[in-house]
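These notes concern the structure reproduced below.
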Amino acid sequence: MLSFFWLRCLLKMVKENIVVPEEILSFCCNGLQGSTSPPRAREPGEREEAPGAMASPSPTGNPTEVQMSQLVLPCHTNHRGELSTGQLLKWIDTAACLSAERHAGCPCVTASMDDIYFEHTISQPYINPPGQRDGRNGVCVGQVVNIKAKVNRAFNSSMEVGIQVSYEDLCSGKHRSICKAYATFVAQGPSGSKVKLKPLTPQTEEEKIEHSIAAERRRMRLVHKDTLKDLLTRSPRETELETRDGSAAVPAEKTRVESVELVLPPHANHQGNTFGGQIMAWMENVATIAASRLCHAHPTLRAIEMFHFRGPSQVGDRLVLKAIVNNAFKNSMEVGVCAEAYGQEMSVSRRHINSAFMTFVVLDQEGRPRTLPMVAPEPGDGVRRYREASARKKIRLDRKYVVSCKQTEVPLSVPWDQSNKVYLSYNNVSALKTLVAKANWALAREKEKVRMYTLEEDKFLSFRIEMSVCIAAGRAFSLLSDLRRRHEWDSHYASAELVQQVDDDDMIYHVVSQTLSHENKPQDFVILASRRKPCSKGDPYVVAFRSVTLPTHPASASFTRGETLCSGFCIWPESEETSKVAYYNQATPGYLNYVTTNVAGLSSNFCATFEACEKFLLKNKEDLIVRLQDL
């Protein structure tokens, strides 16, 4: 401990206005913290450990899983005494990086952070519950933030890391979820070269589901820009400004923020680049200021739309952070924020290194969103940002409805349009992949080469029929993905008309069944068929089906409109000329009558249909080869 001698000397020097040498001051401060020895020098690139931090490997046995627990201290909070979002983003990025590097075995950098929706906001205004003098709904000092991160799937040189964030109140023992996120990391070798990653083998049912769906999330990231452009092309170009509560629109320029940060060694990661979590924290800070300038209140962050890291920055760089309110809706606003970097020389052009869009709300004392003033965009880029914000809001709502809802909460038939086509396709394929990865399938019947399995859970009865066929997987995939030929082997199909070719991988069909409904009328379906080729070795070919609604094909009095929630084919190559073909269906009460009849009675009709499918594949595989050669 610091002796009274040194303490008296220090006080005397201060009273007599004597400059205290830095070495003595450092020694005394260390002594006050309970150490008589100088602090240990950190190794080059070693990151300073935050107070209250604890990161450990997972007890579940997953080698990539990292669990981090952070005690919220005063230095982690904002002006309201609640955990700042910027600090949380730092912790999320750190935990995800540790998980990625555990799998890669080498340094990794953040490439992107997917959309983050805060299920329970970490920062809210003070709300006084009845009988309490002061209450907070946010994460406060003394509470614990628990972060779990693990690699879901490794691709070539990138990998997806899934992150779950929750907090616990140590006094009450209550736990609440804060958010979920997916981050993409890239493994880097010497001199920044990319490293080829080893494949990840999932073990549990949950890991198998996440591993399978990770390929769909990757696909969705890659087409996001095209989805936005397509929606903007189809939306009217006129921008109408309105007023709310008689107030005039606020010029967007009044919300503009520009701030500069000097990247210092504490801001760097173990590779000397600026820590991604620090950049995200700085971006959140300027975005909050921009939002506050519109509403003249303290806003609450509700969602973040994908941080995209375009390039690195290093210690000594100057980071210019810009933010502006792009659009204000009735109860929410979108703030666009970007980060640019430059060195000591101003003459060198700035490098665009990151961008994101953040959605804020302003809550009243009861925790309800307040009505916000309108924004008047500047001509040119301002109008473009205004229109893009409206398009992004529609995409967010469609995505949240289609992707985020639990399966039991989503109607069987979801309306289809251009804005949600990517997410409907994602949901269609992901639902089938989730069903494929389920455990506890029970063998119900086996007849020669055909095996039938059933799975009972909650309100659904699912079945799987599989067999090996002497046909290349790619050829079987081409034949089975065309519903117009389904009637050639499935006697329950009368016809299937292609009503819309969405793209190369998604088609919408109007299907008429030969099976009569309880109204003694044939059933018809409007079905979205989504095709996927294998993303990597070991993946199956996938053909997924689900019901959608189209304005051009409403329900007709001539048919009973049927619906299917999840069905389709998975085809695994067994050799160059042999494949395992499996058909899955999640049966619901409104689905085809023959499904429930045959599953309940284990009728041979299922086996006969699948045997007819095998004959169809064998008969047409040579014709397919000839057609492909003619192309």
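So what are the three principal axis dimensions of the range 410-620 from its Cα atoms, in whole Å, longest to shortest?
Taking the Cα atoms of the range 410-620, the three principal extents are 45, 38, 36 Å.
Hey, what's the per residue convex hull volume over the C-alpha atoms of the range 336-384, in cubic angstrom?
Details: hull volume 7.1 nm³, N = 49.
Here the figure is 145 Å³ per residue.
I'd like the distance between the alpha-carbon centres of the range 436-493 and the range 278-347, rounded to an integer number of Å.
50
Applying 1/(1 + (r/R0)^6) with R0 = 41 Å to the Cβ-Cβ distance of residue 256 and residue 484, what FRET efficiency is obtained, to the nearest 0.05?
Numbers: r = 55 Å, r/R0 = 1.34.
About 0.15, to the nearest 0.05.
Report the calculated FRET efficiency for residue 270 and residue 536 (r = Cβ-Cβ distance, R0 = 22 Å), to the nearest 0.05.
Details: r = 29 Å, r/R0 = 1.33.
It comes to 0.15.
Between residue 156 and residue 619, what FRET efficiency comes out of the Förster formula 1/(1 + (r/R0)^6) with R0 = 60 Å and r the beta carbon distance, rounded to 0.05? Could the numbers behind the result be given before it?
Numbers: r = 38 Å, r/R0 = 0.64.
It comes out at approximately 0.95.
Calculate, in nm to one decimal, what residue 574 and residue 73 gain on full extension: separation in residues at 0.36 nm each, minus their alpha carbon distance.
The span from residue 574 to residue 73 would gain 174.7 nm if fully extended.
What's the local net charge at residue 559, with K and R +1, D and E -1, over the other residues with C-beta under 14 Å away?
On the way: positive: 521, 561; negative: 497, 519, 524, 563.
Surrounding charge for residue 559 is -2.
Report the label-to-label distance for residue 194 and residue 521 in nanometres (one decimal), using points 7 Å from each Cα along the Cα→Cβ vector.
Distance between the two pseudo-spin positions: 5.4 nm.
How large is the dipole of the range 274-330 about the Cα centre if only Lys and Arg carry +1 and Asp and Glu carry -1, each at its Cβ, rounded to the nearest 20 debye? Intermediate results must be reported in sequence, preceding the final value.
Details: 6 positive and 3 negative charges, 36 e Å.
For this selection, approximately 180 debye.
Can you give me the orientation-averaged projected area of the convex hull built on the Cα atoms of the range 279-360, in nm²? Please report the intermediate quantities before stating the final value.
Values: hull surface 22.6 nm².
Mean projected area for the range 279-360: 5.7 nm², to one decimal.
Calculate log10 I(q)/I(0) of the range 248-407 for q = 0.15 Å⁻¹, where I(q) comes from the Debye formula with a single equal point scatterer on each Cα and nothing for solvent.
Once normalised to I(0) and log-transformed, intensities are -0.84.
Using +1 on the beta carbon of Lys and Arg, -1 on that of Asp and Glu, and nothing else charged, what's the dipole of the range 248-407 about the Cα centre, debye to 20? If you can, show how the numbers build up before the last one.
On the way: 22 positive and 15 negative charges, 139 e Å.
The dipole of the range 248-407 has a size of about 660 debye.
Any idea how far apart residue 468 and residue 443 come out in nm if each label point goes 7 Å out from Cα toward Cβ?
1.4
So which of 150/174; 229/533; 196/449; 438/621; 330/421; 208/621 end up more than 28 Å apart by C-alpha?
On the way: 150/174 24 Å; 229/533 25 Å; 196/449 40 Å; 438/621 31 Å; 330/421 26 Å; 208/621 32 Å.
Violating the 28 Å limit, Cα to Cα: 196/449; 438/621; 208/621.
Which one, 303, 291, 336, projects farthest toward the positive side of the charge dipole computed for the range 248-407 from Cβ point charges (K/R +1, D/E -1)?
Farthest towards the positive pole: 303.
Can you pull the Rg over Rh of the range 260-304, Cα-only, Kirkwood? Working shown, then result.
Details: Rg = 13.4 Å, Rh = 12.0 Å.
Radius of gyration relative to Kirkwood radius: 1.11.
Residue 222 versus residue 558, label points 7 Å from Cα toward the beta carbon: distance in nm?
4.1
All of the numbers you see were taken from the coordinates with simple rules; none came from a lab. Keep in mind it's a predicted model, so treat the numbers as computed, not measured. In this analysis, Cβ positions are derived from the backbone assuming ideal geometry, glycine residues included, and neighbour counts consider all displayed protein chains.
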